[in-house]
Amino acid sequence: MIDLATGPYAIVLLRLSLAVLFFAHAGLKLFVFTPAGTAGYFKSLGLPGWLAYVTIAAEVLGAAALFLGIWPRLAALALVPLMLGTIITVHGKAGFFFTNANGGWEFPAFWTAGLLAVALLGDGALALVPTPALF
């Protein structure tokens, strides 16, 4: 049974945690690796370089939507393919544990589970623009 008094605040905690992770991850691409460096890395994986810029934008916009509570359930679902893409293109072949060389798929899979939890549980408390009822 879900505690209806505290459950919505648990979802907010999860939303905020996921948002901070995405902001930090985008920050690495923007300020440490640089967008051009990230595009070069994407190319080294056999992906088009422009996809790096789309990925950075998706991380920043998705993080903002989760943080502010702007259609949080849809924002969470929209970020799932991004995380699955990291498992398929980078982390999957490194094995399960994230401490493996090149980082395994353990952390991205858990991150994906958190996104799916938000999508399934609901917007939570303090959502500025709740997800439409059609969802």
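Since every read-out is calculated from the coordinates, none of them should be taken as a lab result. Source: prediction; values computed, not measured. FYI the Cβ positions are ideal-geometry reconstructions off the backbone, even for glycines, and counts take in every protein chain you see.
May I ask you to list the residues in the range 93-131 that are touching a residue at least 60 places away in the same chain (Cβ under 8 Å), farther than 11 Å from ILE11 by Cβ and part of a loop (DSSP other than H, G, I, E, B)?
LEU128, PRO130, THR131
Test each condition in (1) touching a Leu at 6+ places or on another chain (Cβ under 6 Å); (2) closer than 26 Å to GLY104 by Cβ; (3) in contact (Cβ under 8 Å) with a residue 60 or more places away in the chain; (4) of a type in the set (Gly, Ala, Ser) for GLY69 and report the one that comes out false.
So GLY69 meets the others, but not (2).
Failed condition for ALA57, given (1) over 11 Å from the mean Cα position of the chain (by Cα); (2) free of Cβ contacts under 8 Å to residues at least 24 places away in the same chain; (3) over 23 Å from THR131 (Cα atoms), with all others met?
Result: ALA57 fails condition (3) only.
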